[in-house]
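The values are calculated or read from the model by the stated rules, or taken from the named source; none is laboratory data. Worth saying up front: this structure is predicted, and the values here are computed from it rather than measured. We place every Cβ from the backbone using ideal geometry, glycine too, and count neighbours over all the protein chains shown.
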Amino acid sequence: MIGEKLLPERLMATISGFFGILAALLVTIGLYGVISYTVVRPTNEIGVRMALGANERDVMTMVMREAAALLVVGLAVGTLLALGAARIAGSMLFGLRPHDPVTFSAALATLPAVALVASYIPGRRATKVDPMVALRYE
């Protein structure tokens, strides 16, 4: 009888967990897309830098610095928005605190790791670009 009474709550928790995982996957894909776009966009600049003697490390440093700037701004804005949304949603949470430090810590640890991988792959690709091809790229 107790199991039947808790069935709707379990179903809602399962559905919420699924959508949480789906949201994390979409954030990962979106972050990779944005960083990949920001690396492809200055292809001419990368070509000029490499033609003037920049090595792979310099290009990777440029890419990672830009990704880090995006990450810092995104984490700051996202944390503020999440804290505000948690305060609003606090009345709907039963037995949970709206400002769960474990959840925020997990998000703040996962997103930089995703950003590191998402910026390393396009950055590595950018270091392999032939300067002449990059200069002709429009």
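Per the listing R97, R87, the residue uniquely part of a helix (DSSP H, G or I) and basic (K, R) is R87.
Of the residues making up the stretch 108-138, those that are outside any helix (DSSP H, G or I), modelled with pLDDT of 75 or more and surrounded by fewer than 14 Cβ atoms within 10 Å (Cβ to Cβ) are K128, D130.
Residue by residue, here is whether (1) among the basic types (K, R); (2) surrounded by 10 or more Cβ atoms within 10 Å (Cβ to Cβ) holds:
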position	(1), (2)
G17	no, yes
G53	no, no
A86	no, yes
R97	yes, yes
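Residue selection: S105 satisfies the criterion of being modelled with pLDDT of 80 or more and either over 20 Å from P42 (Cβ atoms) or under 16 Å from the mean Cα position of the chain (by Cα) (or both). Is it true that some residue in the stretch 49-66 is closer than 27 Å to F104 by Cα, within 24 Å of the chain's Cα centre (by Cα) and free of Cβ contacts under 8 Å to residues at least 24 places away in the same chain? Scanning the stretch 49-66 turns up at least one residue that is closer than 27 Å to F104 by Cα, within 24 Å of the chain's Cα centre (by Cα) and free of Cβ contacts under 8 Å to residues at least 24 places away in the same chain.
Being touching a residue at least 12 places away in the same chain (Cβ under 8 Å) and either out of contact with any Asp or Glu (no Cβ under 9 Å at 6 or more places or on another chain) or within 30 Å of A107 (Cβ to Cβ) (or both): is that true of G74 here?
On the way: touching a residue at least 12 places away in the same chain (Cβ under 8 Å): yes; either out of contact with any Asp or Glu (no Cβ under 9 Å at 6 or more places or on another chain) or within 30 Å of A107 (Cβ to Cβ) (or both): yes.
When the stated conditions are applied, G74 passes them.
Of the residues making up the stretch 1-44, those that are farther than 23 Å from L116 by Cα and either part of a loop (DSSP other than H, G, I, E, B) or hydroxyl-bearing (S, T, Y) (or both) number 3. Looking only at residues in the stretch 19-36 that are of a type in the set (A, V, I, L, M) and without any contact (Cβ under 8 Å) to a residue 12 or more places away in the chain, the one that is surrounded by the most Cβ atoms within 10 Å (Cβ to Cβ) is I29. Is it the case that L111 is under 20 Å from the mean Cα position of the chain (by Cα) and without any contact (Cβ under 8 Å) to a residue 24 or more places away in the chain? When the stated conditions are applied, L111 does not pass them.
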